[in-house]
Amino acid sequence: MFSALTVFVFSFLYHGLGITLGYHRLLSHRSYRVPRWLEYLVVSGGYLSFEGSPIFWVTTHRLHHKYSDKPGDPHSPIDGWWHSFLGWMLSPLVVYDAKESMRLCPDLYKDPVYRFLHCNHTRWHALLCLVLCVLFRVVILLTLGPLALAANLLGAAMPFLGALMVNSFGHMSSLGYQNFKTGENSRNIWWVAMLSLGEGWHNNHHAIPSSARHGMFVHEPDLSWWMLRLMEAVGLASDIRVPDPARIDAWMSSGFEKSAGDNSDEYLEETGDLVSSSDR
Ligand SMILES: [Zn+2]
Ligand SMILES: [Zn+2]
């Protein structure tokens with residue numbers, strides 16, 4: 001018999017890591033590798049926390065890296081805080097077609113499961129996600145009871161909120177700090193990092209998007225990174241991409257600075273890496 005606390009902790013990790021290690025660090029940036037069955041398991045945690053289809057999420061996120069805080073960024077506070085928090089989903093300012101999505105996510109379109117969940121680039125993908133999320137909760141209710149259902153909903157809502165906070169507070173220049181001059185407004189904010197399992201070290205992430213580690217220093221705890229190291233220790237994760245510590249020190253002392261065009265250049269460079277690494 002599961003206690004509500006156990007269900008909450010399990011749900012927080014399952015859904016939270018599904019977003020951070022699944023949707024973000026694995027699918028969007030290919031910053032490490034896992035066996036395909038484990039990829040689906042991790043990604044399911046994100047899907048079942050109302051995040052929408054993986055192709056929708058990754059397309060949106062790659063656009064965010066390409067146009068950070070510039071026209072074309074799907075969720076930047078330059079269009080208002082509410083827009084960057086939730087408004088971008090309700091009434092998007094950046095609308096992309098299937099052709100653009102395929103260009104941005106060629107690796108995900110190769111996968112029949114992700115293509116199915118994306119519903120041929122229609123809004124049905126959101127409805128399918130909603131239906132499967134509700135069915136998942138019905139199973140919890142029928143097998144574990146109403147208290148467990150409430151614990152699961154809370155465990156899913158917290159990292160969901162954390163992801164929204166990364167998009168909004170994580171790009172407000174009045175908050176947190178920057179380790180790197182990345183040419184946009186990305187910030188490191190400790191309280192966002194706590195709720196988002198380490199994603200709140202967002203300036204570090206924008207500086208080195210392909211790094212599986214976002215908290216770069218001892219004072220920047222990154223729960224997702226620790227879990228990934230655990231997966232590596234038991235032989236479930238490999239090819240983990242992290243910057244050389246000596247390069248970080250050099251960047252810090254030399255005042256690492258990206259020029260205006262560097263975001264898109266790095267994005268394209270990453271896409272090249274992704275395509276070759278997805279041929280497993
Ligand atoms: Zn960002
Ligand atoms: Zn990212």
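Around H121, what is the net charge, scoring Lys/Arg as +1 and Asp/Glu as -1 over all other residues with Cβ under 10 Å from its Cβ? Once positives and negatives cancel, what remains is +1. In plain terms, the chain from K110 to V242 could stretch by 44.9 nm, reckoned as 0.36 nm per residue minus the Cα-Cα distance.
In the chain, the longest principal axis of the Cα atoms and the axis of helix 223-233 are about 80 degrees apart. Sorting the segments 83-93, 14-24, 42-52 by their mean number of nearby beta carbons within 10 angstrom, highest to lowest, gives 14-24, 42-52, 83-93.
The fraction of all Cα pairs in region 1-83 landing in successive 10 Å bins from 0 to the largest distance is 18, 38, 30, 12, 2, 0, given as whole percents.
For the chain, a crude dipole built from +1 on the beta carbon of Lys and Arg and -1 on the beta carbon of Asp and Glu, taken about the Cα centre, is about 600 debye to the nearest 20. Computed over every Cα-Cα pair of region 97-217 and binned at 10 Å starting from 0, the pair-distance distribution P(r) comes out as 12, 26, 30, 27, 4, 0 percent. Each residue of region 86-103 is assigned a 3J(HN,Hα), and the resulting list reads 9, x, 4, 7, 7, 9, x, 8, 10, 10, 10, 8, 4, 4, 5, 4, 5, 5 Hz, derived from the Karplus form 6.51 cos²θ - 1.76 cosθ + 1.60 (θ = phi - 60°), x at Gly and Pro. Here the Gaussian network model covers the chain, with springs between Cα atoms less than 10 Å apart; of R123, R30, R241, R123 fluctuates the most.
Relative contact order for region 4-277: 24 percent, from Cα pairs under 8 Å spaced at least 6 residues apart, divided by residue count.
Quick check: net charge around V166, other residues with Cβ under 11 Å of its Cβ, Lys/Arg +1 and Asp/Glu -1? Once all neighbours under 11 Å are counted, the net charge is 0.
Ranking S49, P159, S76 by how far each Cα lies toward the positive end of the dipole of region 4-277 (charges on Cβ) leaves S49 at the top.
Here is the tail figure for region 168-249: Cα pairs spaced more than 23 Å apart come to 20 percent of all pairs. If R0 is taken as 45 Å, the Cβ-Cβ distance between L130 and L5 corresponds to a FRET efficiency of 0.95.
Projecting the alpha carbon convex hull of the chain along each direction and taking the average yields 14.7 nm². To the nearest 10 degrees, how steeply does helix 36-47 sit against the main Cα axis of the chain, on a 0 to 90 scale? The angle comes out at about 80 degrees. Based on alpha-carbon atoms, the Kirkwood radius and the radius of gyration of region 1-147 give Rg/Rh equal to 0.99. Ordering 95-105, 3-13, 197-207, 146-156 by mean Cβ neighbour count within 10 Å, with the highest value first, yields 197-207, 146-156, 3-13, 95-105.
For V234 paired with L93, estimate the spin-label separation in nm (one decimal), with each label point 7 Å from Cα along the Cα-to-Cβ line. For V234 paired with L93, the spin-label model returns 4.4 nm. For the chain, find the longest principal axis of its Cα atoms and tell me its angle to the long axis of helix 245-254, 0 to 90°, nearest 10. That helix lies at roughly 50 degrees to the long axis.
None of the figures in this text is laboratory data; all of them are computed from the coordinates on show. Fair warning: this is a prediction, and the values are worked out from it, not measured in the lab. Backbone-built Cβ (ideal geometry, glycine too); neighbour counts: all protein chains shown.
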